[in-house]
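These notes are about the structure you will find just below.
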Amino acid sequence: MKKECEIVEDLLFGYQDGTLHNASKELVENHLISCEQCKKLFNEMKKDKIDNKKEQEEEIDYLKKVKKKINKKNKWIIIIGIILGIIILFNIFIFTYYYSEAGKVKIYLSDNITEEQKENIENSVTNIDGEAEIKYYSKEDSLNQMKEKFKDREELLSGYNKDNNPLPAYFVVDTEIENGEKIKNTVESLEGVEHINNIGDTNPYMFMLSEIIVEFNSN
Ligand SMILES: [Zn+2]
């Protein structure tokens, strides 16, 4: 290898990048015209550079694709997270509401019930759960509640009054959920009892559904 070839070889990178001073640039250019060996080397360097660039572009492309994929995946994770969140909140709401009502037993009474029969029912409940809270609602209370519930559609109840009242009087017993069934079974057969609604017996989802239907109908 001639001495000039060695110098030019050192300068070739700078020549390729365009960072050489004019004098060095001229030296390289003149040498490349006359020296096949250095010209060949320079051409190989050019080819390498192109290949490198291609490789880099392919890598960038690949990285972009991966990023896109990750973004797509993240989007789905967020959507699924939101859906799960809504389901969980909905369930918390249903079960909270259910358990606030589930310990309640409604005992609907026949119209011709006597004071003695009423007392008998209350005593039976107290025998099962001495702590149970028992509230009595008269036929008139029932009608007023219904009128309050349907106050936007008064015409539905317009024919009903104190003397023409189809709604029953009832007891609401507030007890522990596990006592509900016992109270129902004991009181069911007593004189003056029409029927019993033990919310603790109902599936929470069905209970919620029936509440929604009642609410929807009253609006
Ligand atoms: Zn040379």
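The values are calculated or read from the model by the stated rules, or taken from the named source; none is laboratory data. This one's a predicted model, so the numbers in the text were calculated from it and none came from an experiment. Note that we place each Cβ from the backbone using ideal geometry, even for glycine, and neighbour counts take in every protein chain shown.
A few remarks follow.
- Every pair of residues 6+ apart whose Cβ atoms lie under 8 Å, when the first sits in region 169-196 and is outside the structural domain of residue 117 (by TED's automatic domain parsing) while the second is surrounded by fewer than 19 Cβ atoms within 10 Å (Cβ to Cβ): none
- If the condition is being in contact with a Phe, Trp or Tyr (Cβ under 7 Å, 6 or more places away or on another chain) and more than 19 Å from residue 211 (Cβ to Cβ), then region 75-127 contributes 107, 109, 121.
- Residue in region 8-52 that is nearest to the ligand (Cβ to nearest atom), counting only those that are surrounded by 14 or more Cβ atoms within 10 Å (Cβ to Cβ) and β-branched (Val, Ile, Thr): 8
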